[in-house]
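Read through the structure below, which is laid out as structure tokens, and then see the notes.
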Amino acid sequence: MFLSTRKLTFLGLLLAVTVLLIVLSGILEFNTLFLLAAASFGVGIAVREAGAAMGFGYLIGSIALGFFLAPNKLYCITYGAMAIYLLAAECIYDKLLVVNSTAVRGKLLWVLKYLIFNLLFIPMLLLFPSLIYTGKIDTRLLLLMFAGGQILLFLYDKGYRYFQGNIWERVRTKLKL
């Protein structure tokens, strides 16, 4: 798989924007999740433009640069989880194109997306709850955070699909990628 210099240059610039958003998430504390989500969209763009292998390389590069440059290293963990989710979701979407029924494909895609998310979220919730909440955590609060995470995943995925379908498609045509 060879990439044109145009796509390679584009991925390099996209990586710079992604790392800038990660760094800004540590500086502008009032919209951290928004900036990290926007940064993770870069992984989805890389997968769609250059394939899963380059998307994985992009993910590794962005996490490494984020750890070197970001002032708050814990945000890199959040970014990494969001980006891994998008990488896995894009790869699953590509694999599910062989399913003929769009209804079955859509339901199967959502089931697999929630499975991937929960494989990332539940260990973080149980092993590192201080990443999410700093106070005392009881069982009811854990259940509430679990339910909130499921809702946030739905909103995050809707936002990502809107971004890819509407915003990125317009930008992509102007960039002539």
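Of the residues in the range 43-63, not one is touching a Lys or Arg at 6+ places or on another chain (Cβ under 6 Å), open to solvent by 20 Å² or more (accessible area, probe 1.4 Å) and among the hydrophobic types (A, V, I, L, M, F, W, C). Within the range 67-81, the set of residues being open to solvent by less than 30 Å² (accessible area, probe 1.4 Å) and under 20 Å from F163 (Cβ atoms) comprises Y79, G80, A81. Would you mind finding the one in I22, I45 that is at pLDDT 90 or above and closer than 26 Å to L125 by Cβ? One residue alone meets the criteria, I22. The residues on offer are V47, V23, V19, and the sole one that is assigned to a helix (DSSP H, G or I) and in contact with an Asp or Glu (Cβ under 6 Å, 6 or more places away or on another chain) is V47.
Pairing each residue of the range 149-166 that is closer than 12 Å to G44 by Cα with any residue that is assigned to a helix (DSSP H, G or I), provided the two are 6+ apart or on different chains, yields C-beta distances under 6 Å for F163/F41.
The values are calculated or read from the model by the stated rules, or taken from the named source; none is laboratory data. All values derive from a computational prediction rather than experimental measurement. Backbone-built Cβ (ideal geometry, glycine too); neighbour counts: all protein chains shown. Calculation scope for accessible area: heavy atoms of the full protein, side chains included, ligands and nucleic acids excluded. Shrake-Rupley method; radii C 1.70, N 1.55, O 1.52, S 1.80 Å.
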